[in-house]
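The values are calculated or read from the model by the stated rules, or taken from the named source; none is laboratory data. Everything quoted here is computed from the prediction, not taken from an experiment. Note that we place each Cβ from the backbone using ideal geometry, even for glycine, and neighbour counts take in every protein chain shown.
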Amino acid sequence: MKTKTNTMKPTHTPGPWTVRLGQDGDQVRGSNGYLVMQISSGTMLDNSDVRLISCAPEMFEALVRLLLEVESICAHGAGETRDELLERLHRDWDGKLRAARMVITKAKGGEA
């Protein structure tokens, strides 16, 4: 089953994005050095907002991976026993869920 998600490619500036703090304002830059966002020093953005913005590419990637996995499970055909399916889910989801938790922690200001 081919879905739109399987062919979706990001068109945003590649991540990870980093925040550069400065006296004249803050910047969010992509891994390629491109300026993603300039935040003027008088702007009413909280540090938590800037962290959330900077995590956008990682959140996008984690969400796409989880969605692809759910679509794969929903499209799964016959031939796999319940125990085999549960074993595969445990094995395949562990890393994807860990990645999703890490980016959420990072967006909240914790260590990723």
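Out of the residues in segment 18-42 that are over 22 Å from ILE104 (Cβ atoms) and polar (S, T, N, Q), state the one that is surrounded by the most Cβ atoms within 10 Å (Cβ to Cβ).
Among residues in segment 18-42 that are over 22 Å from ILE104 (Cβ atoms) and polar (S, T, N, Q), the one surrounded by the most Cβ atoms within 10 Å (Cβ to Cβ) is GLN27.
Return yes or no: is GLY15 farther than 25 Å from ILE104 by Cβ, part of a loop (DSSP other than H, G, I, E, B) and at pLDDT 70 or above?
Values: farther than 25 Å from ILE104 by Cβ: no; part of a loop (DSSP other than H, G, I, E, B): yes; at pLDDT 70 or above: yes.
Criteria not met by GLY15.
Taking ARG51, is it of a type in the set (D, E, K, R), closer than 21 Å to MET102 by Cα, surrounded by 12 or more Cβ atoms within 10 Å (Cβ to Cβ) and touching a helix residue (DSSP H, G or I) at 6+ places or on another chain (Cβ under 6 Å)?
Yes, satisfied.
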